[in-house]
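The next block holds one structure in the form of structure tokens; read it before the comments.
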Amino acid sequence: MDIQTLLNDMFAAALKAADPFHAIPPMLPERPRGRTVVLGAGKASARMAQAVEAAWGPCEGLVIVPHGAALPTQGIELIEASHPVPDIGSETGARRVLEMAQALGPDDLALFLISGGGSSLMALPGEGLTLSDKQSLNRALLASGAPISEMNVLRKHLSAIKGGRLALAAAPARCVTLVISDVPGDDLSLIASGPTVPDESTAADARAIVERAGISLGSAAAAFLNSRAAETPGADDPAFARTEAHVVAAPQASLEAAAAIARANGFTPMILGDAIEGEAREAGRVMAGIARQVRNHGQPGAAPLAIISGGETTVTLRGAPGKGGRCSEFLLGFALAAWDLPGVSALACDTDGRDGSEHNAGVIWTAAQQAKAERRKAFDHLSKNDAYSFFAELDGLVMTGPTHTNVNDFRVILVEAS
């Protein structure tokens with residue numbers, strides 16, 4: 001097997017391990033005497049809905065998915081909305097989900113299907129705020145380089161549905177949430193901004209993030225964030241007495257599946273972690289340093305070695321933005337720092353099938369790409385946050401289309417034996 005095929009096969013194994021169709025059925029609860037309503041949002045929610053109906057047959061419900069990511073369902077309605085900046089579909093869908101939850105009684109079950117991307121796809125502004133306010137906030141957060149954990153804290157406290165408020169709306173019905181995790185550490189309160197689980201953050205925490213990130217809030221958002229309405233319900237709220245939540249797919253399982261492919265092809269796998277964060281280009285430089293140590297000194301492992309990691313890095317925009325996302329920027333930073341290393345290849349992809357502003361899952365860097373590349377141009381593209389264009393010229397884009405799952409970013413570096 002050649003190196004490029006091996007890298008692609010490892011990514012395919014990571015995606016297969018995160019397929020909701022196989023992960024959902026064993027986690028389904030017993031059906032109640034009353035109604036069962038399936039509600040949710042996220043990049044994986046269409047496939048999650050299919051999995052529920054494969055087990056239960058046609059169901060009543062509504063889930064919100066990204067534009068172009070709908071799948072056939074038997075009874076559950078799908079609404080398409082925008083990511084990473086919400087649109088009118090995000091607001092309309094969120095309002096309908098909230099109303100359907102509010103209509104449930106004590107004999108009913110609300111089955112929530114939640115995955116990454118839900119923060120944007122299911123966006124209902126707090127009272128007195130508008131969709132335009134939410135859109136401005138999302139754009140500012142994306143440009144700030146703030147980690148996803150901080151982004152979601154701020155989103156929760158400006159929302160009418162996030163931070164546990166959707167579970168409050170469904171009470172006194174029983175609520176079961178099935179989650180596909182895309183956040184470091186699988187923190188349920190951060191995945192899609194935790195619409196159905198208790199929230200321990202405060203409005204003061206959100207205000208501190210605004211100040212730290214240098215975000216300029218509009219007057220309405222600033223006023224809301226200083227009001228009592230901005231506080232989210234904590235674990236002591238009685239509405240959570242009949243709620244439970246379970247992670248059904250997470251980044252670690254995908255990393256382990258890729259590791260098995262590496263091992264079967266003669267590479268010793270080394271999983272560095274599923275929660276690596278930080279500035280994308282700098283994380284790439286760090287990974288290049290590890291690859292250099294492997295090549296030169298056989299540490300922390302001897303080649304042939306597969307260095308595997310997950311998590312979610314961030315990109316701080318510098319001036320006029322180019323094309324790309326955090327995976328392509330990570331790999332361009334890596335390539336520049338590892339340019340002189342022989343026998344070193346890498347792949348970085350978002351498991352949802354879309355890396356940032358374009359429609360590629362990510363990018364790949366092998367000897368074939370380097371043979372066509374110019375280091376001077378690589379520096380130029382990185383300075384403009386334009387990693388997509390750099391790799392496009394080298395036939396280095398990885399195209400999957402929507403994968404209907406989302407367990408965050410997947411990165412692998414192969415260091416071949418000398």
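Here are the numbers:
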read-out	value
Options Glu30, Glu80: the member that is assigned by TED's automatic domain parsing to the domain that holds Arg174 and more than 24 Å from the chain's Cα centre (by Cα)	Glu30
Criterion: buried (at least 19 other Cβ atoms within 10 Å of the Cβ), in the same structural domain as Gly61 (by TED's automatic domain parsing) and part of a loop (DSSP other than H, G, I, E, B) - qualifying residue of Leu166, Leu104	Leu104
Failed item in (1) surrounded by fewer than 22 Cβ atoms within 10 Å (Cβ to Cβ); (2) under 30 Å from Val85 (Cα atoms); (3) not assigned by TED's automatic domain parsing to the domain that holds Thr196, with Ala245 passing the rest	(3)
Scope the range 167-206; condition more than 24 Å from Ala250 (Cα to Cα) and touching a residue at least 24 places away in the same chain (Cβ under 8 Å); matching residues	Leu168, Ala169, Ala170, Ala171, Pro172, Ala173, Arg174, Thr202, Ala203, Asp205, Ala206
Filter result (more than 22 Å from Ala103 (Cβ to Cβ) and among the β-branched types (Val, Ile, Thr)) within the range 155-210	Val179, Ile180, Val183, Ile191, Thr202, Ile209, Val210
Near pairs, Cβ below 6 angstrom, 6+ apart or cross-chain, from the range 225-244 (closer than 17 Å to Leu188 by Cα and touching a residue at least 24 places away in the same chain (Cβ under 8 Å)) to any residue that is in a strand (DSSP E or B) and among the β-branched types (Val, Ile, Thr)	Glu244/Val176
Unmet criterion (only one of (1) under 23 Å from the mean Cα position of the chain (by Cα); (2) under 22 Å from Ala167 (Cβ atoms); (3) not polar (S, T, N, Q)) for Ala13	(2)
Criterion (at pLDDT 95 or above, in contact with a Pro (Cβ under 6 Å, 6 or more places away or on another chain) and either closer than 17 Å to Gly284 by Cα or not in a strand (DSSP E or B) (or both)) met by exactly one of Val407, Val363	Val407
In the range 371-404, the residues that are in a helix (DSSP H, G or I) and either surrounded by fewer than 19 Cβ atoms within 10 Å (Cβ to Cβ) or without any contact (Cβ under 8 Å) to a residue 24 or more places away in the chain (or both)	Ala371, Lys372, Arg375, Arg376, Lys377, Phe379, Asp380, Ser383, Ser389, Ala392, Glu393
Any chance Arg212 is under 26 Å from Val52 (Cα atoms) and basic (Lys, Arg)	no
Residues being buried (at least 22 other Cβ atoms within 10 Å of the Cβ) and in a helix (DSSP H, G or I) - total across the range 114-137	6
Some residue of the range 169-183 being assigned to a helix (DSSP H, G or I) and at pLDDT 95 or above	yes
Those residues of the range 299-333 which are surrounded by fewer than 18 Cβ atoms within 10 Å (Cβ to Cβ) and closer than 22 Å to Gly343 by Cβ, in sequence order	Gln299, Pro300, Gly301, Ala302, Pro304
Qualifying residue in the range 336-347 (condition: buried (at least 24 other Cβ atoms within 10 Å of the Cβ), in the same structural domain as Asp409 (by TED's automatic domain parsing), part of a loop (DSSP other than H, G, I, E, B) and touching a Gly at 6+ places or on another chain (Cβ under 9 Å))	yes
Test: Val294 is at pLDDT 95 or above, more than 18 Å from Asp274 (Cα to Cα) and not small (Gly, Ala, Ser)	yes
Subset of the range 264-275 (residues that are farther than 15 Å from Pro300 by Cβ and touching a residue at least 24 places away in the same chain (Cβ under 8 Å))	Asn265, Gly266, Asp274, Ala275
Unique residue being of a type outside the set (Asp, Glu), surrounded by 21 or more Cβ atoms within 10 Å (Cβ to Cβ) and assigned to a helix (DSSP H, G or I) when the list is Ala204, Ala259, Ala253	Ala259
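Conditions tested, residue by residue: (1) at pLDDT 95 or above; (2) closer than 28 Å to Leu225 by Cβ.
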site	(1), (2)
Ser82	yes, yes
Leu111	yes, no
Ala146	no, yes
Arg155	no, yes
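One line per residue, one yes/no per condition, for (1) of a type outside the set (Phe, Trp, Tyr); (2) surrounded by fewer than 24 Cβ atoms within 10 Å (Cβ to Cβ); (3) more than 29 Å from His22 (Cβ to Cβ); (4) in contact with a Gly (Cβ under 7 Å, 6 or more places away or on another chain):
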site	(1), (2), (3), (4)
Ala160	yes, yes, yes, yes
Arg174	yes, yes, no, no
Pro184	yes, yes, no, yes
Val197	yes, no, no, yes
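The values are calculated or read from the model by the stated rules, or taken from the named source; none is laboratory data. For clarity, every value in this text was computed on a predicted model and none was experimentally measured. So basically every Cβ, Gly included, is an ideal-geometry build from the backbone, and we count neighbours across all protein chains shown.
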